[in-house]
Structures are given as structure tokens and as C-alpha cells.
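A short worksheet on the structure shown next.
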Amino acid sequence: MVKYILGIDEGTTSARAFVIDEDTNVRGFGQAELTQIYPRPGWIEHDPMQILNVQLEVIRAALRDAGITPDQLSGAGLTNQRETGIVWEKDTGRPIYNAVVWASRHSVDIVQGWVDAGIGDLIQERTGLIPDAYYTASKIRWILDQVPGAQGRAERGELLAGTVDTWLIWNLTGRKSFVTDYSNASRTMMMNLETLQWDDELLGHYGIPKGMLAEIVPSDSNFGDMEATFGTSIPIGSDLGDQQAGLFGQAAFKQGQVKMTYGTAGVLNINCGSTPQRIEGLTPSLAWGVQGQTAYEIEGVLFSMGKTMQWLRDDLQLIHAAPDSEWYAGQVSSTEGVYLIPAFTGLAAPTWDPYARAALIGMSNATNRLHVIRAAVESMVYQTRDVVEAALAGSDLTIPELRVDGGAVKNNLLCQLQADLLGIPVIRPKNAEATIFGAMLMAGLSTGVYSSLEELESKWAVDRVFEPQMSRDQADSLYAGWTAARELTKGWTKKVPLS
């Protein structure tokens, strides 16, 4: 019998589901967009019930597309948008507020209060993370502060809280499994990087009752069974945050291997082996726990990659679809000195300035639509160099090549510019869907479809290698213009407060 694996991919802008066979051929697919809620500038929310219901819809769509029934699945793997925080009622399963999305700036003042109270160094020491509203802890704190009576209910054990993986698993297993994995927990600003458990001292400072939080387990654990939802046994064999799933899907199992994902956000991930490594401006986290072994990673998170393309499409209406950006950007040989710094919700790694805001800089009377579109494409390339430069400056790492994935890497101009700006080969795999495939392959490993990491590594294949063509002097000159433009955006909302 053919063995099928279900992939559950709950992203920021859409929910997706895949069905693959044991040879990793895609047999079925489903996708639907999620509603983005913007209560005020810099704030982003999702409806948790919509997240659940849309995910169920696309799972069923993928099964129909594959022409199979749920009982033919060997297991499922799950990956998700990280850091987003949800609080819900234990008895009813009803959220007490919308999900506060990872990129949202709801809780900037809360984090600043923690830093002012003197626990910023403790946060970084215990979690490896730079105190920022990006992470889940302050989002949960914000919800508890905003909803009347929520703190008391949390202390009485009436409320549960977690990231999107925990919310989905709890619901898909009929409210039986209340768990999260190492990779997701390490991005909450609540997990101790050494003990791999929730840090009691930090939770005390945050005022978040530990009883609200899920059990932390390795990434290839048995996360429960979806029998209550689908009427037949479907074990969830993996749970990975989206970026760690991408690293796994790129077969970057060895220390020193690097990938860059161009998704809604952009994330550089470096496998740093069995011990955490700290680099200024970047964040150490857990890559995964698999087959009894724990791998750490270094991350450089960039808030706006695909999100910038979505802004061009939906808000400025300069393009009809994200793939159009390659053609338009290619109609001009350069931006003529125009830079787009997409700090819509602040600057992330390696600068970490929540008060920065987006800007178009360097325009003249000759600037037109094509220059702006090209500047948006180039912004992804420059941001990637930001985090690569930080990684190289803060360690003895070498980065001989960059493996890339995500929807944007179909853009050949983007990949070539990235190779040019970094001066190293950029490698695009045949399967650019590394995130969801990482989750599915790990699920296959944990449920016995695959036998070893070596078998999984053999399934990774190269589509195209982009070699650097630009001179280093030209690349460095362009990057110097970017860094000068980026500096101008810092602290903007302190200078001009939001009305």
C-alpha cells in the first residue's frame, strides 16, 4: 500500500495543507487566505476560530485533491506561524481575544516596562532572545491586561495560552493534547534555553501562571491523534515552528549549514549543533529535538519579505500578483538610488528597533513605478545581507553557500541579486516548499515511513545554483546606500508619535 503523509501548514497570510506519498510526490493540496485584522497602525490580529476552521477546510480540500480518505494517512506533520499568542477558555475552547500576531506591536510598552524594571539581561540570558514585542510572552501579558477578569481566571486555571501549534493540536485532538515542541517554545521568551522547560523566574516577572502553558516535548513526539476530528486514527508525528521546519526541509542537519526563507517574513537559520551559540543582534533558539538529539540554531528574523510584495499588490496596487514583481523589476537596470526600507512594524534583526517605520528614500522626479517595485525586491536582498554580516562579524562561522526557499525564490532576479550582494552561491532546491516538507518528512521519520536522517537527506535536490556576477566594489557600494537609508528610519515613532 502507498503510504501518505498529511502536512498542516498554518501560516500568517494563509492556511495550507499537503498530502505526499512516501516518495515525496505531492498528491493533494489545499490553500485559503486568512483575514488580517489591523485595529491600529502597527497592530495585527487573527481570529483564532478562523485559523482553526480554515485549516480544517484546506485539510479536507487536500484529501479530496489527493483522492484519498483520512484512513489512508500514515500520519501528519504540523508547522505554523510562530510567536503569535492566543488565550482561550479551558472549558469552552472559546478564545477570550483575537490572536495577537508575531509581527504586531501591541505590547511594545510592556516589553519596555520589563527592560526598565531591570530584567532585560535576565530575559536574554535565560531565553537567548532580545527583549522585544515580537515574542509570545508579552502578547499573552497584553491579552490578560486587556480582557477584564482574565488575570484572575488564569490564576484559577480557567484559561489556557499558547502559540498557534498548541491551539491547533488541542483542537484537532479533541482537546486531549495540550503540548508544544522545543522549536516553538524557544520563540516565546518564556523557555529556558538550557533546561528546555518554562522558566519559573521569568514567568513570575511576567505574571503569567505556568498552569496556562502547554507541556514542552521534542519535535518528533507523538503529539496526539486526530481521531476525534476525522473519525479515524491519524497520529500527529511532528510539530515545528515554520523556520525550523524550513531548516529541516533543506536537509541542513549538520552544524554550520544555513538556509534563508523568503516568506511573509524572512529568516536566516544556521544549524549550530548541540550547544547554543550567541551572536549580537541574532537570536539562539532550538532547531528541533529528533531521535533523542537536540539541535540549536542561530536566527536572523526580518519582519517584511513577502509582506512587502503583498503591500505592493494590495495597498499600492502596483502589481497584480507577487510573481509579477520579477518582470516589472527587470524592466529597469537599477533603482536609480531609490531604497525601500520595509520597517512597517519596526526593524528586526540585527537592529531591533520597534520605533522604526518604513520609508522610500532617494526618489527624484525621474522615479517611477518600476523603480519602486525593484526597490521592494532589492529590500529582501539587502536585509538578508544585514543578518549574514551580523552572523559573520559575531562568530567564527563561515557561510560558503546559502540555501534558499519560500515563494519568492521563484524570482530569478531576486536569487541572482542575492548571490551578487553576498558574493557566495545561492542554491535553490527543486522543492522550494521546504517548510511544510520539513514537517512532513519529520512526521514520516517519527511514524516509520522513513528510517533515518540520511534517507531524508537523499531526497533533497538542487534546482539551480546562482553564482555571483557583480563586482565586490559595486555590491559594497549598493549595500552602503542601504545601510545609510536604514539608519534614517530608526526611532521614527519617537520623533513623530502615532496620532
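The values are calculated or read from the model by the stated rules, or taken from the named source; none is laboratory data. Computed from a predicted structure; not experimentally measured. Ideal geometry is used to build each Cβ from the backbone, glycine not excepted, and the neighbour counts take in all protein chains shown. SASA here: full protein model, heavy atoms, side chains in, ligands and nucleic acids out. Shrake-Rupley method; radii C 1.70, N 1.55, O 1.52, S 1.80 Å.
Rounded to 0.05, the FRET efficiency of the Ser14 and Lys459 pair, given R0 = 25 Å and the Cβ-Cβ distance, is 0.50.
The spread of Cα positions in the range 69-200, taken along each principal axis and listed from longest to shortest, comes to 55, 34, 26 Å. Annotation: for a label point projected 7 angstrom from Cα along Cα→Cβ of Arg156, residues of the range 80-97 with backbone N closer than 14 Å are 89-92. Using a simple spin-label model with pseudo-atoms 7 Å out from Cα toward Cβ, Leu122 and Glu401 lie 4.6 nm apart. Between His320 and Glu389, the contour length at 0.36 nm per residue exceeds the Cα-Cα span by 21.5 nm. Annotation note: GluC sites (Glu not before Pro) in the range 411-480 located in DSSP loop regions with a Cβ neighbour count of at most 16 within 10 Å are absent. With both labels modelled 7 Å from their Cα along Cα-to-Cβ, the Ser451 to Val496 distance reads 6.4 nm.
The GluC sites (Glu not before Pro) found in the range 180-254 that occupy coil by DSSP, while having at most 13 further C-beta atoms within 10 Å, are Glu194.
The distance from the alpha carbon centre of the range 248-274 to that of the range 381-444 is 8 Å, rounded to a whole number.
Among the listed options (i) 4, 21, 32, 27, 14, 3, 0; (ii) 3, 14, 18, 17, 14, 11, 9, 7, 4, 2, 0; (iii) 4, 19, 28, 25, 16, 7, 1, 0, the one matching P(r) over Cα pairs in 10 Å bins from 0, in percent as calculated from these coordinates is (i). For the chain, complete DSSP H runs whose alpha carbons reach 30 Å or more along their own long axis and whose mean Kyte-Doolittle score is 0.0 or higher are 369-393. Partner lysines whose Cα lies under 21 Å from the Cα of Lys3, excluding those fewer than 8 positions away in the same chain, are identified as Lys459. Seen from Val449, the other residues with C-beta closer than 11 Å to its C-beta sum to a net charge of -3, counting Lys and Arg as +1 and Asp and Glu as -1. Over the chain, accessible surface divided per residue gives 37 Å², non-protein components excluded, 1.4 Å probe.
In a DSSP loop and with at most 13 other Cβ atoms within 10 Å, the trypsin sites (Lys or Arg not before Pro) in the range 69-173 are Arg156. Helical runs assigned H by DSSP (4 residues or longer) give the chain a calculated mean residue ellipticity at 222 nm of -10000 deg cm²/dmol, each run adding -39500 (n - 2.57) before division by the residue total.
The simple Förster model, with R0 at 41 Å and r as the Cβ-Cβ distance, assigns Glu280 and Asp91 a FRET efficiency of 0.35. Using alpha carbons only, how many angstrom separate the centre of the range 303-355 from the centre of the range 6-80? Using only Cα atoms to place each centre, the spacing works out to 26 Å.
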